[in-house]
Structure formats: structure tokens, C-alpha cells
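Just below is one structure, and these are the notes that go with it.
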Amino acid sequence: MTRRNKFGIELDEKVGAGSNRRDRKPGPMGVAIRDTAQSLQTTTEEKVEQRRRNAADAEKYRDAVDSGHILLSIPLSDIRTDDLPRDRIDLEAVAISDEMDELKSSIRNRGQRDPIEIYRDSGGRYQLKSGWRRLNALRQLRDETGEKDYSTAIARLTISDEDRLTLYLDMAEENIIREDLTFAEMAQLAITAAVDPALDEVAADAIVGRLFKSVHKVKRSYIRSFVFLLETLGDDLQWPKAVSRNLGVEAARVLKADAGLITSLRHALARAADPSEQTRILEGLTASPNKSSSTKANSKPKKKFEFHLDGLKVTARRGECRIVSDIDYTEIPKDRLESAISAFKAALEE
């Protein structure tokens, strides 16, 4: 059967219906182009999603760093300590103390276990907030050994837009929690903060409540007593850290009750040769405020002696025997320690 098209050409219906119909399936080149286009689209979408995730992760990382949740390894040479006054008295003595030797021994054996805290000052430089002893222990180990392991410090970078009082507070709270600050040091920190030009002018006695607000109110009253003592006696109190809590509180009470004693007491303290003599003078004040300072200085001194034995440093005084060595006693089983202490006690009682 045939039919004519519009041009008058006869067409075979059978041929037109089947054998000459165009094949619509894509060829090898078409398949390749289509697959490439699909792959390109998928890759582009994945890259866009990956960039979005990277941006979100970077923002989370910055937030974590600003919140102090990320620990950084900072070269010691990049960490400064000249912006925030320290909360310790007589830093030179602390730097060469037995406690510093113990800390160095711990870092040497186990590494830096606790991070220091740093912040950026107005010039963008790293400044120490807390961890003065750890930082200086690392510096001493670096200078003594020359090893690269001690050339950096593990640090927590905190936000730099904190107010000035918060910096003081964070520095002090760490040592208060560790029970590592004397009342004289806490009082001195309040006095230092009170004269900081970056803070509002507030009396040291008043700033104690803001600086040590997490401390029990009774303890805050002790700190205020030491603030009064340090402000009243000034540099004539040569070893404020050596003043015990009870002695300092009682001395402040006596001086508040009779200000006429202040001048003679300062003269006596200025002539004190060592912390023991300073303590005897203050004890004389609290025992009998009306006695002359020359009489107060005649109290019997406390006994103390030290010796070394097989690498151990032993310090003995009334009610205390202290042993210092390179041994990490936390690694010794408790029952073994108890047995050793029991043997030591038994030997003393024989």
C-alpha cells in the first residue's frame, strides 16, 4: 500500500512505519557527554556543600578558641608577663623555691599536665593570665636542658574583651582553688587592683568583695585584715607571706584598736633580720600591746633544721617533717606508702 506526501511523492507505508524510523537512543559520545555533565553537577554541589561545612567548622573553631575550649602550643618567647601584675609576693623567691623544683621534676617526668591561660593585649600580644609557676618552670627547664620539648607551653587562649577586674579574678581564683595563695598575697592583689589605672578608683578594702566574691565571707574578712595590715605597715613588713592567718588577723585587730602602736611597730619590723624575728615581734604585739617592741623581740624562736640524705631533702620543724625528692609519690601504691609511713613512725617512737 502506498500513499502520497504533500510533494506528490509516493511512500511505502510499511517502510515509513518501521525500518527507516530514526533511532533516538544516544550514541557513545552522547552518553559520555551526559555522564560528564551529571558528574560535574554532582561535584559542584559537593564542593559547595563542603565549603559550607568548612565555613561552619571554622566559625565553630574560632568560637571554641575564644571560649578557651581549644588548647594551643605557644612558643615561650611569644608569651609576655608585663601587662597584668602577678598575685604572688616575692616572685624571685618563688622561682627558686622547693615547690618550683618539685614542679620542674613533675614536668620533666610527665610533661605539662595543666595548661596556662593567656589572652591578647591591646597590641595583639599574648599575655599571661594564670599559670606563672608553670610558665617559669618551663623556661627554667628550657634554659637548663636546651631541649625543644620545653620551648613551648600548652595554653588556653581566652577572650580578650574581658574587663580588667575579670582578668585579676581569673588569675586569683585558680590559685585560691588550689589553696596556693597566702592571705598576704590575696590582700596584695586587692591593693594592686585598687591602684590599677584601668579600673575604677576603688579602695582595696572594698575591692576584696568584688575580687573574691566566690570566697566565703569569713575568709574575705581575713583578707581585709591583711589589706589593713599591709597598707598600714608598708615595706616595713618585709616578709608578709610569712605571717600566718591568725597572727595577721590579730595584729590588724590590735592596730585598729590602738593606732598609737603603729609607729613603734614599724620601726621594730624594719630592723627585723629574718621572718622568724618578724613573727616574734608581731606575736609580742598581739600578746601584750602595751609592751615595748624591744621586749617583744625577746620571744623564743621556733626551731627548724634541714639535711640531705641519699638524694632526699628533709626539713624538720615542730609538728612537721617534710621530704622532698625526684620521686613521684603518686605513682607508688597506697598500701606501700602506708607501710613506709608506719615504719617511719615506729622508728621515731622507739
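The values are calculated or read from the model by the stated rules, or taken from the named source; none is laboratory data. Model, not experiment: these values are computed from the prediction. Counting neighbours? That spans all protein chains shown, and the Cβs are built from the backbone with ideal geometry, glycine included.
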Exercise. Exactly one of (1) surrounded by fewer than 20 Cβ atoms within 10 Å (Cβ to Cβ); (2) over 18 Å from Glu283 (Cβ atoms) is unmet by Leu211. Its number?
Worked result: (1)
For this session: Taking Gln127 as meeting all but one of (1) buried (at least 21 other Cβ atoms within 10 Å of the Cβ); (2) touching an Asp or Glu at 6+ places or on another chain (Cβ under 6 Å); (3) not hydroxyl-bearing (Ser, Thr, Tyr), write down the number of the exception.
Result: (1)
Exercise. Among the helices (runs of 4 or more DSSP H) confined wholly to the range 216-274, which include 1 or more residues that are small (Gly, Ala, Ser), in contact with a Leu (Cβ under 8 Å, 6 or more places away or on another chain) and modelled with pLDDT of 90 or more?
Worked result: 245-257
Exercise. Looking only at residues in the range 169-198 that are modelled with pLDDT of 75 or more and not in a helix (DSSP H, G or I), which one is surrounded by the fewest Cβ atoms within 10 Å (Cβ to Cβ)?
Worked result: Pro197
For this session: Return the residue satisfying two criteria in turn: it lies in the range 137-158 and is assigned to a strand (DSSP E or B) and among the hydroxyl-bearing types (Ser, Thr, Tyr), and of such residues it is farthest from Ser105 (Cα to Cα).
Result: Thr158
